[in-house]
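See below for the structure under consideration.
Values in this text are rule-based calculations from the coordinates and carry no lab data. None of the values given here were measured: they were computed from a predicted structure. Every residue, glycine as well, gets a Cβ built from its backbone with ideal geometry; the counts of neighbours run over all protein chains shown.
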Amino acid sequence: MSDNRTFLGRLFWITLAALLVASVWQTLPTIRATLLGWQAEPRVVTPRGDLADDEQATIALFENAKDSVVSIATSARVVDYWTRNAFEVPRGTGSGFLWDSLGHVVTNAHVVAGSSTATVRLADGRAYEATLIGQSPAHDLAVLRIPVTPPRPDPLPIGESGALEVGQKAFAIGNPFGLDWSLTTGVVSALGRELRGDAGQLIDELIQTDAAINPGNSGGPLLDSAGRLIGVNTAIYSPSGGSAGVGFAVPVDAVNRVVPQLIARGRYAPPSLGIRTDAALNRALGERLGIAGVVVLGVEPGSAAERAGLRPTRIGGRGEIVLGDTVVAIGERQVTSVTELADALEEHEVGETVTLTLERDGRRRTVDVVLQRGG
């Protein structure tokens with residue numbers, strides 16, 4: 001009996017000691033703060049001063065542009081094989097921006113490809129079911145239209161990509177990973193890049209930027225420091241699928257050429273000479289052979305170019321390059337690249353006669369060509 005009492009007594013004192021230690025441990029910070037005079041109050045905020053000029057400029061750029069940027073959610077119609085019931089399945093999300101006051105929205109063709117419906121949401125929360133007006137997979141561009149009611153956001157101001165310089169600032173606005181209306185900043189990293197699209201088509205003259213572009217940014221605007229549209233964000237290069245600092249945008253000069261035709265005709269069918277060209281090969285030949293113009297790589301049978309007697313470049317019997325005609329001007333406008341040739345053709349209409357200045361074997365000549373409808 002005495003042993004049990006002794007054990008219970010020791011257990012009581014051990015338990016009491018443990019409780020006292022726990023109590024002291026809990027109150028120790030308060031005791032220490034009281035003895036040492038420590039303050040348990042929020043610290044005084046240090047005045048920051050004005051934001052830096054570049055910060056204020058970036059904030060103003062975003063505030064001015066964000067209402068023109070939209071979020072796009074697409075879905076595809078699926079029919080159950082057994083029940084024959086049709087239902088909509090979410091397909092993906094992307095970005096876009098208002099092109100004009102009529103409700104036209106520009107985005108990437110791959111954002112809406114394979115979808116049956118697209119819902120466009122404005123920054124103020126209004127949402128509209130969109131109608132597909134036209135698309136050009138060759139440029140990865142598409143135009144939607146929404147019945148937007150007042151107040152209508154202002155369309156983005158248009159810049160020019162032909163005057164861009166590597167190193168100038170670039171700003172991307174979009175909806176990466178569904179995180180709406182996000183801004184990323186960077187610079188123009190390179191110009192004239194080429195990339196294969198989702199359908200395997202080669203998209204050339206792209207702008208490369210290190211402004212973070214992620215899934216969901218596709219179709220959103222790339223802006224310069226003046227808040228002008230300089231490109232449409234279209235793709236990233238990333239083994240992981242996330243931003244690796246290598247993003248690409250369709251240049252605004254191409255956008256400004258293609259979008260009006262998509263709105264007017266539903267497809268891009270510019271005036272054509274009936275010749276085949278290649279931007280990358282043209283640059284390579286220009287650097288290697290000192291050519292300033294657009295090398296004719298092929299002449300389509302029955303085309304305006306064939307009727308005008310244009311000669312394509314070919315490979316000789318010994319594997320050497322035998323140059324044919326090089327287009328150096330259309331009318332009074334000089335052309336030194338495939339993009340400049342396309343821009344020059346856009347200034348004319350199908351059926352119009354234009355004067356080509358051609359160079360062959362070091363000699364120049366002019367021919368008249370009736371422009372045909374492009375494909």
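Below are the figures for this structure:
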{"quantity": "Calculated from backbone phi, Karplus (6.51, -1.76, 1.60) coupling profile of the stretch 94-100 in Hz, x at Gly/Pro", "calculated": "x, 10, x, 7, 6, 8, 8"}
{"quantity": "Interchain or long-range residues, amide H under 5 Å from E205's placed H", "calculated": "R193"}
{"quantity": "Backbone N under 20 Å from the S225 label point (7 Å along Cα→Cβ), restricted to the stretch 135-166", "calculated": "157-166"}
{"quantity": "L191-T366 FRET efficiency (beta carbon distance; Förster radius 30 Å; 0.05 resolution)", "calculated": "0.45"}
{"quantity": "Residues whose placed amide H lies under 5 Å from that of I291, excluding near-sequence neighbours", "calculated": "G286"}
{"quantity": "For peptides 169-180, 207-218, sequence by mean Cβ density within 10 Å, most packed first", "calculated": "207-218, 169-180"}
{"quantity": "For the stretch 42-196: relative contact order, % (alpha-carbon pairs under 8 angstrom, 6 or more apart)", "calculated": "21"}
{"quantity": "Estimated inter-spin distance, A269 and I158, nm [label 7 Å along Cα→Cβ]", "calculated": "2.2"}
{"quantity": "Integer Hz, Karplus 6.51/-1.76/1.60 couplings in order for the stretch 333-341, x for Gly and Pro", "calculated": "9, 6, 10, 10, 8, 4, 5, 5, 5"}
{"quantity": "Additional length obtainable on full extension of the chain from D124 to S101, 0.36 nm per residue less Cα span", "calculated": "6.6 nm"}
{"quantity": "5 angstrom amide H check on G216, placed H, neighbours 5+ away", "calculated": "F177"}
{"quantity": "Per-residue ³J(HN,Hα) for the stretch 103-118, Karplus 6.51 cos²θ - 1.76 cosθ + 1.60, θ = phi - 60°, Hz, x for Gly and Pro", "calculated": "x, 6, 10, 9, 8, 7, 5, 6, 5, 9, 4, x, 9, 9, 9, 9"}
{"quantity": "Packing rank of 263-273, 359-369, where each peptide gets the mean count of other beta carbons within 10 Å, highest leading", "calculated": "263-273, 359-369"}
{"quantity": "Cut-off 14 Å between beta-carbons: net charge of the residues surrounding E194, Lys and Arg +1, Asp and Glu -1", "calculated": "-1"}
{"quantity": "Packing-based order for 130-136, 316-322, using average beta carbon neighbours within 10 Å, highest first", "calculated": "130-136, 316-322"}
{"quantity": "Three-way shape call for the stretch 248-291 based on the alpha-carbon gyration tensor, with the a/c threshold at 1.5", "calculated": "oblate"}
